[in-house]
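Since the structure comes first, as structure tokens, the remarks are kept for the end.
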Amino acid sequence: MGIRLNRDEMFDRVMGCWLGKSIGGTLGMPLEGKKGLFDLTYYDPVPEGAIFNDDLDIQLVWLRALQELGPELTTHDLGRYWLEHVIYPWDEYGLGAFNLRRGFAPPVSGAFDNWYVDCEGSPIRSEIWAMVAPAAPEVAARYAYMDAIIDHAGGEGVWGEMYLAALESAAFIVHDAHELIEIGLSLIPEDCRTARAVRDVLRWHREGVEWTRCRELLLEAHGHYNPQDSPQNQGIVTLGWLYGDGDFGDSILKAVNCGEDTDCTGATLGAIMGIVHGAEAIPARWKDPVSEGIAVGWGIVGLDYPTRLEELTRQTLEMTEKVLAAKAPHVQVVDEPTGAAYEIEALKAPGLMREVEETDPMTAVYDLGPVALHVGYGETPTIGYDAPAQVMVTLESRSDVALAGQLRVQAPHGWEAEGGGEFTLVSRGTTETFSCEFSADPERVKLQVSNPITVRIAVQGQGEIVHRFPLAGEYAWLVAGPFAGGLHDAVGPEEDFDPLGNWEGRDGAVRFERRSFPASEMHLDDVLGGEAGVVCAMTYLFTSVDTHVELGLDCSGSFRVYVDGELAGQVIDPPPVRPVRHIFGLDVAEGWHQVLVKALSEDGELELHFYLMDDRPEVKSRRGHGRTDLINTYLPDDIAPDFD
């Protein structure tokens, strides 16, 4: 199937994509995160030029990565560019970046300890991949997958970005909304939440349901209390597109007026319609207020980027021709009129969907030349003192000749490491797997935020390949309870803060017991025994310098937080958990600091989230939900022996 895309028409459609995204994001920004049915009829306030939006900002980074590395760039490359150029700390951005800084590669960086994997952060980055791979939905979706797993692996955010990238790519030659949606849906599982939300909107529209009622039905069936939840927002984009009936302004207004993640829904739909209809077709009343300038936010650093949409369009199209030549040579950008001989079924790519479904988000793959190294972490990429860490290490041949040799694993000083051995890989694609085990004795080892494991691969006739991967130290906590009463009733640990004390609890005498938690999310239901009560959770924070720290906390119940015996703050009757909603900032001196969280459960269930964050302007490059220089992975020496 050969497809020719006219160069001038391509410019108009790519320009339309960027311009539509700017318009929709600007329209929706004032209502971002708000719930309800709104009645906007135009910009409010009317802008005087473009405003920054991370929806576009991060795509400028991806364009630069493509320009510097070419079409063969990898998800590891994208992760590296993220660390170099993106410092936005919000939600999945911050969590993914923290994992990258700890050394985890995608998809592990996006999957581990990430409450936000179902959110909008990656679907809003889909357009760049469609524009460099027009009329090649599978190519666009494959790039989108590489992007999404940085901070959404294993979640709906991956499906959302693949879905959008595919339909946006097809939109360069297919202009019917229903056909485009079906092409996008072919890239994601029928039973995922994104697909179900989109298909339900399609059905309600077909049945003649009025648009405001369609919104109600969508949120009843697929809504989430987090406005940034991706499936509900993909449903809203679909609603605005179908009920807008081809009218640019009416479509983006309906999407934004549905509420939720309004800057994203407006921007996504504006981009789609910009591709379908082109920049020239966008009414002047929508174009003129935003102009053609590009406003980039503070979260993009160290990057030379275009300042006008026209220049951005030109640079995008330069990469389009390179990507098509490398990845989809059947699609060409030419000076002749567009020749789009295609079949809808040929634009679908269910094979890629099945490939992604079979991929383990807790396995990182490293290209080491003659071999690929697969590091499978199982349930968690962490190590604690209570049990050994199990890691499956697989070698995959990338060579057309047989390979033989030996694989060894090494752990930090004081650890015990087992696993490895001899291997023979007879041909390209053959594999050999080694079960490896690592353990740390608390009397000899102080687990760090990130702990390096070394793999040495000696290949006969080719020398030795050395690679390292991380194991994160589990968080060390002391937990006591349950206690009777409410949040305002004093309990023993609040009064003397003695980690070795004994107190009268709800069901008898209690004391602190050590717990290791692999992630920032802790479930303490077992302490409560299915009944209401209070739980005290204590950790110790070490800093090697005087510093300012932000304690990010969220809890399913009311809570208080104490630092070194002083009340740092409290939250009464919190809304549903959404890390990190509550932040307590404080200055701490070099050394150890005690952090006690007193949490109330009224139903016998208790979910607690705890993050160490940094929000100082002078260290923005380390912002986000995680500091690698602050330690709470082991207890101070003066109390640790009492809990070993």
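Going by the conditions given, is residue 64 of a type in the set (D, E, K, R), open to solvent by 10 Å² or more (accessible area, probe 1.4 Å), closer than 18 Å to residue 127 by Cβ and touching a residue at least 60 places away in the same chain (Cβ under 8 Å)?
yes
Taking region 431-475, which residues are polar (S, T, N, Q) and either assigned to a loop (DSSP other than H, G, I, E, B) or modelled with pLDDT under 95 (or both)? Full working, then the answer.
Taking region 431-475 as the starting set, the residues that turn out to be polar (S, T, N, Q) are 431, 433, 435, 439, 448, 450-451, 454, 460, 462.
Across region 431-475, the qualifying residues are 448, 460, 462.
If you take the residues of region 306-341 that are of a type in the set (Ser, Thr, Tyr) and crowded, with 17+ Cβ neighbours inside 10 Å, which of them is farthest from residue 86 (Cα to Cα)? Steps first, please.
Kept after step one, since they are of a type in the set (Ser, Thr, Tyr), are these residues of region 306-341: 307, 313, 316, 320, 338.
This time we only want the ones that are crowded, with 17+ Cβ neighbours inside 10 Å, so: 313, 316, 320, 338.
Values: 313: 22, 316: 20, 320: 24, 338: 37 Å.
Among those residues, the one meeting the criterion is 338.
If I ask for residues that are open to solvent by less than 80 Å² (accessible area, probe 1.4 Å), over 19 Å from the mean Cα position of the chain (by Cα) and at pLDDT 65 or above, which ones from region 617-644 would you list?
629, 630, 631, 632, 633, 634, 635, 636, 639, 640, 643
Here is a check on your reading of the model: is residue 201 over 29 Å from residue 61 (Cβ atoms) and in a helix (DSSP H, G or I)?
Values: over 29 Å from residue 61 (Cβ atoms): yes; in a helix (DSSP H, G or I): yes.
Spelling it out, residue 201 is indeed over 29 Å from residue 61 (Cβ atoms) and in a helix (DSSP H, G or I).
Yes/no per residue for (1) among the acidic types (Asp, Glu); (2) in contact with a strand residue (DSSP E or B) (Cβ under 7 Å, 6 or more places away or on another chain); (3) more than 30 Å from residue 175 (Cβ to Cβ):
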position: 63; (1), (2), (3): no, no, no
position: 82; (1), (2), (3): no, no, yes
position: 96; (1), (2), (3): no, no, yes
position: 104; (1), (2), (3): no, yes, yes
position: 108; (1), (2), (3): no, yes, yes
position: 124; (1), (2), (3): no, no, no
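For region 561-612, enumerate the residues that are surrounded by 17 or more Cβ atoms within 10 Å (Cβ to Cβ), in contact with a helix residue (DSSP H, G or I) (Cβ under 9 Å, 6 or more places away or on another chain) and over 18 Å from residue 477 (Cβ atoms).
578
Restrict the check to region 285-302 and report whether at least one residue is among the hydrophobic types (A, V, I, L, M, F, W, C), assigned to a helix (DSSP H, G or I) and in contact with a Lys or Arg (Cβ under 9 Å, 6 or more places away or on another chain).
Step one: of region 285-302, the residues among the hydrophobic types (A, V, I, L, M, F, W, C) are 286, 290, 294-296, 298, 300-301.
Next, only the ones that are assigned to a helix (DSSP H, G or I) stay: 286, 290.
Next cut, in contact with a Lys or Arg (Cβ under 9 Å, 6 or more places away or on another chain) only: none.
There is no residue in region 285-302 that is among the hydrophobic types (A, V, I, L, M, F, W, C), assigned to a helix (DSSP H, G or I) and in contact with a Lys or Arg (Cβ under 9 Å, 6 or more places away or on another chain).
Is there a residue in region 535-556 that is outside any strand (DSSP E or B) and open to solvent by less than 10 Å² (accessible area, probe 1.4 Å)?
From region 535-556, those outside any strand (DSSP E or B) are 544-546, 556; that's our starting set.
From what's left, open to solvent by less than 10 Å² (accessible area, probe 1.4 Å): none.
No, there is no match, as no residue in region 535-556 is outside any strand (DSSP E or B) and open to solvent by less than 10 Å² (accessible area, probe 1.4 Å).
Can you tell me which residues in region 383-430 are closer than 30 Å to residue 447 by Cβ, open to solvent by 20 Å² or more (accessible area, probe 1.4 Å) and not in a strand (DSSP E or B)?
Once the filter is applied, which keeps residues that are closer than 30 Å to residue 447 by Cβ, open to solvent by 20 Å² or more (accessible area, probe 1.4 Å) and not in a strand (DSSP E or B), region 383-430 yields 385, 386, 387, 388, 411, 412, 413, 419.
Of these, 19, 5, 40, 27, which one is buried (at least 17 other Cβ atoms within 10 Å of the Cβ), in contact (Cβ under 8 Å) with a residue 24 or more places away in the chain and in a loop (DSSP other than H, G, I, E, B)? Spell out the reasoning first.
Details: 19 fails: in a loop (DSSP other than H, G, I, E, B); 5 fails: in a loop (DSSP other than H, G, I, E, B); 27 fails: in a loop (DSSP other than H, G, I, E, B).
Residue meeting the stated conditions: 40.
The values are calculated or read from the model by the stated rules, or taken from the named source; none is laboratory data. Since this is a predicted model, take the numbers as computed values, not measurements. A quick note on method: Cβ atoms are made from the backbone with ideal geometry, for glycine too, and the neighbour counts reach across all protein chains shown. The protein model used for the area step is the full one, side chains on, heavy atoms only, and it has no ligands, DNA or RNA in it. Shrake-Rupley method; radii C 1.70, N 1.55, O 1.52, S 1.80 Å.
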